[in-house]
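Step one of this worksheet: look at the structure below.
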Amino acid sequence: MSRYFVVPYLIQVKDRRKEAGAIRPIDNVNGAGLSLREAVERVVVAMLQRSQGYNSLSDPDTKFTVTEAFSSDNHEALMVTIEPGKRGHRSRLAKADGTTVDRHTGDTEHIPLRALMYFPRDSYAAFLFIERLGRMGTVTFMRNALIPSLTWGLRYVTVKIPPITTLQALQAASIRNVVFRAPRRRDRSGKLIEYGPSVELRTSYRGGRRVKGLLTEDGRKIDRSKVFGLLQEGTEEAGVSSPLDTSDWEASLNVELPSGRPATFDMNSDGPGLVYPLLTEVDTTVGGSRYPEPEDFLSVCQTILDDIRGQLGVGDDHNLPTASSFNHWDGTGVEPWKVTYYDDPEPDRIT
């Protein structure tokens, strides 16, 4: 059974005209009093109005649809539901009532996933929490939609959405295990989405081995080559002499934080980033579970904030709104910016 996770990111706006790219406060990202929250709302309302969705830039058989949005009473958080969908293969869905539904190659299966954007007061960064089902997520779509539109709309800025990796977590965490994954092959003819075996290798450790030994020389991030050095070390100890080409591989570094809480660092094209399991109550059926409720999702997002409190501008008074404080939001009265994810013309700019 695939599991749900929450992956945290920062949203930062830097001024290209200033030396070293000074980071703009999110309460005034254009120098004229416009907040990052208001700018993001202009992009989100445009996405809500696009009923046909967005085709993936990398996979023509994948589409993303933004179906709904919710805003907190204090206007510090905006939560959107994004439904990635995939087509291209036939299948049969067996429903709980015993009936079946045939899925054809032109049909698209959509899976709802949440993205929460939190705009703390007096801060130089907003936070983006992405819900993920297994390996399926929406951060690439959100980057491709938000970054170009915000860059054009705000002028003279660079927008970054990097994964969160805290120095405290890196320095003090101990390694539990590392899971290495080989990429599955893709069918260039388009008849099959992916084919071939799914290969994973796992190396496990019993305490004492710190993540600190896998950091770069400046001690501020995980060195990918050192992580994959663990695979080489493990295969040699197991008597496997042939070197593996791991240039396209991904890895999940599962650690234990000083608090005793487990956490995961994903090593992929984004670089290392924290990944938190989104736990749900499991029912009595084999492999049964329920879809995570908003309370479940927000609880994990709050846990992430608690873990990074005192870092990245997160103060003692920064807490997420409760689920009951969110109300449906349709962007009434908000002027939409064209999303350059699908439009070539630049969006209307603020003058």
Practice task
Within region 307-349, track down each residue that is within 24 Å of Arg155 (Cβ to Cβ), among the acidic types (Asp, Glu) and at pLDDT below 85.
Solution key: Asp343, Asp344, Glu346, Asp348
Exercise for the section: With respect to Thr81, determine if the residue is touching a His at 6+ places or on another chain (Cβ under 7 Å), closer than 27 Å to Val139 by Cβ and touching a residue at least 12 places away in the same chain (Cβ under 8 Å). Expected result: no
Practice task
With the condition kept exactly as written, say whether any residue in region 69-88 is at positive phi and crowded, with 17+ Cβ neighbours inside 10 Å.
Solution key: yes
Problem - Any hit, region 126-141, residues being in a helix (DSSP H, G or I), among the aliphatic types (A, V, I, L, M) and either surrounded by 14 or more Cβ atoms within 10 Å (Cβ to Cβ) or within 13 Å of the chain's Cα centre (by Cα) (or both) - result: yes
Fill in the blank from the handout: Of all strands (runs of 3 or more DSSP E) fully inside region 1-118, the set with 1 or more residues that are of a type in the set (A, V, I, L, M, F, W, C) and farther than 26 Å from Asp307 by Cα is 62-72, 77-86, 91-94, 100-103
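For (1) more than 25 Å from Leu320 (Cβ to Cβ); (2) out of contact with any strand residue (DSSP E or B) (no Cβ under 8 Å at 6 or more places or on another chain), each residue gets a yes or a no:
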{"position": "Ala22", "(1), (2)": "yes, no"}
{"position": "Asn55", "(1), (2)": "yes, no"}
{"position": "Ser71", "(1), (2)": "no, no"}
{"position": "Gly88", "(1), (2)": "yes, yes"}
Exercise for the section: With respect to Gly33, determine if the residue is free of Cβ contacts under 8 Å to residues at least 24 places away in the same chain, open to solvent by less than 60 Å² (accessible area, probe 1.4 Å) and out of contact with any helix residue (DSSP H, G or I) (no Cβ under 8 Å at 6 or more places or on another chain). Expected result: yes
Exercise for the section: With the checklist (1) more than 28 Å from Val300 (Cβ to Cβ); (2) modelled with pLDDT of 70 or more in hand, flag the one item Ser242 doesn't pass. Expected result: (2)
Fill in the blank from the handout: Just one listed residue, out of Ser149, Ser123, is touching a Ser or Thr at 6+ places or on another chain (Cβ under 6 Å), crowded, with 18+ Cβ neighbours inside 10 Å and outside any strand (DSSP E or B), and it is Ser149
Practice task
Identify all residues within region 314-335 that are in a loop (DSSP other than H, G, I, E, B) and open to solvent by 50 Å² or more (accessible area, probe 1.4 Å); write none if there are none.
Solution key: Asp316, Asp317, Asn319, Thr322, Asp330, Thr332, Gly333, Glu335
Practice task
Inspect region 66-74 for any residue being in contact with a Gly (Cβ under 9 Å, 6 or more places away or on another chain) and of a type in the set (Phe, Trp, Tyr) and give the result as yes or no.
Solution key: no
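The values are calculated or read from the model by the stated rules, or taken from the named source; none is laboratory data. These figures come from a predicted structure and were not determined experimentally. Note: ideal-geometry Cβ built from the backbone for every residue, glycine included; neighbour counts use all protein chains shown. Calculation scope for accessible area: heavy atoms of the full protein, side chains included, ligands and nucleic acids excluded. Shrake-Rupley method; radii C 1.70, N 1.55, O 1.52, S 1.80 Å.
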